[in-house]
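S.K.: This is the structure I have questions about; it appears just below.
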Amino acid sequence: MYKLMIVDDEPQILEGMKRILDWKQYGFVRIETCESTPEAISKVVDLQPDVAIFDVCIGKDYGYEAIRRLNELHIPTKYIIMSGYSEFKYAQEAIRCGVKDYLLKPVERTKLQQVIEKIIVEDLHGTVGNMNEDALNKDRVLGVSYDSLSKLVNRILLMIKTEHAQNITLKSVADRFQMNSTYLGQLFLKETGMKFSEYLMAYRMLLAQERIQSTDEKISYIALCVGYNNLNYFYTHFQSFFGKSPSDLRGKG
């Protein structure tokens, strides 16, 4: 099946990109991440991923320069550039390197989905018709289609998916939208049936459950990765949410 490489110098972005899509449903059985250009070039040469997603700026380096060097080695990887900048010169350089698309951060799930599906069909000669479209288009916490939610709520959900490992709060989200946090919280509750804090906890718990059952990572590390700096706080939430401890879940996994 397919291999994926994600390159960004911000660990939280790497984590968010790993979770933004259900990569396994698209056939990606291996996902590697890198935080520097030299490491990325070395890994792409060794792994030869089917798809590689590069940030446009990786430290002091440019993602498109790494792609240009890799193209010279005739590696058949298909590249996507993501960027927090809408500057034309970056997009122009990316196009010159033959990237499949240039996505602005925060990367929209539906746009990334469309690009990946296009690459699978047109470049990798695979199919996406056998995937469960309902599962792909449903929010894992709410169990409803993203299409049934407003653009504002979808943007909030995307922020949670990409920034859940950070100290994201209703107030910090409201500040970015230049909205009153109480009003935004009411809108979110009315549309989703959950408070912002309840959704955030549920999302973090489901991610933690997935990692506990599929990896041998330490519980303390998993807690940190899903946004809990306080391990006791994590255990309390986990026990409340699942009715069992993380070690019990792993033991029965």
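S.K.: List the helices (runs of 4 or more DSSP H) that sit entirely inside the range 201-253 and contain at least 3 residues that are modelled with pLDDT under 90.
M.R.: Once the helices (runs of 4 or more DSSP H) in the range 201-253 are filtered for at least 3 residues that are modelled with pLDDT under 90, what remains is 246-251.
S.K.: What is the one condition in (1) among the basic types (Lys, Arg); (2) under 18 Å from the mean Cα position of the chain (by Cα); (3) at pLDDT 85 or above; (4) surrounded by fewer than 17 Cβ atoms within 10 Å (Cβ to Cβ) that Arg176 does not satisfy?
M.R.: (2)
S.K.: Related question: Criterion first (under 30 Å from Val51 (Cα atoms) and among the basic types (Lys, Arg)) does Arg204 satisfy it?
M.R.: In short, yes.
S.K.: Of the residues in the range 161-173, how many are touching a residue at least 40 places away in the same chain (Cβ under 8 Å), surrounded by fewer than 19 Cβ atoms within 10 Å (Cβ to Cβ) and in contact with a Lys or Arg (Cβ under 9 Å, 6 or more places away or on another chain)?
M.R.: Selection size over the range 161-173: 0.
S.K.: Can you tell me which condition Lys190 does not meet? The list is (1) surrounded by fewer than 17 Cβ atoms within 10 Å (Cβ to Cβ); (2) part of a helix (DSSP H, G or I); (3) touching a helix residue (DSSP H, G or I) at 6+ places or on another chain (Cβ under 7 Å), and all the others hold.
M.R.: Unmet for Lys190, out of (1) surrounded by fewer than 17 Cβ atoms within 10 Å (Cβ to Cβ); (2) part of a helix (DSSP H, G or I); (3) touching a helix residue (DSSP H, G or I) at 6+ places or on another chain (Cβ under 7 Å): (3).
S.K.: Next question, about the same structure. Can you tell me which residues in the range 155-187 are under 21 Å from Met205 (Cβ atoms) and not in a loop (DSSP other than H, G, I, E, B)? Reasoning before the result, please.
M.R.: Here is the first cut: in the range 155-187, the ones under 21 Å from Met205 (Cβ atoms) are 156-170, 172-173, 185.
Ile156, Leu157, Leu158, Met159, Ile160, Lys161, Thr162, Glu163, Leu170, Ser172, Val173, Gly185, listed by residue number.
S.K.: Which condition number in (1) farther than 23 Å from Val226 by Cα; (2) in contact with a Cys (Cβ under 8 Å, 6 or more places away or on another chain) is the one that Lys78 fails?
M.R.: (2)
S.K.: Assuming Met131 fulfils every condition listed in (1) more than 16 Å from the chain's Cα centre (by Cα); (2) at pLDDT 85 or above; (3) hydrophobic (A, V, I, L, M, F, W, C) apart from one, which condition is it?
M.R.: (2) is the only condition that Met131 fails.
The values are calculated or read from the model by the stated rules, or taken from the named source; none is laboratory data. What you see is a predicted model, and the numbers here were worked out from it, not measured in a lab. Cβ: placed from backbone, ideal geometry, glycine included. Neighbour counts: every protein chain shown.
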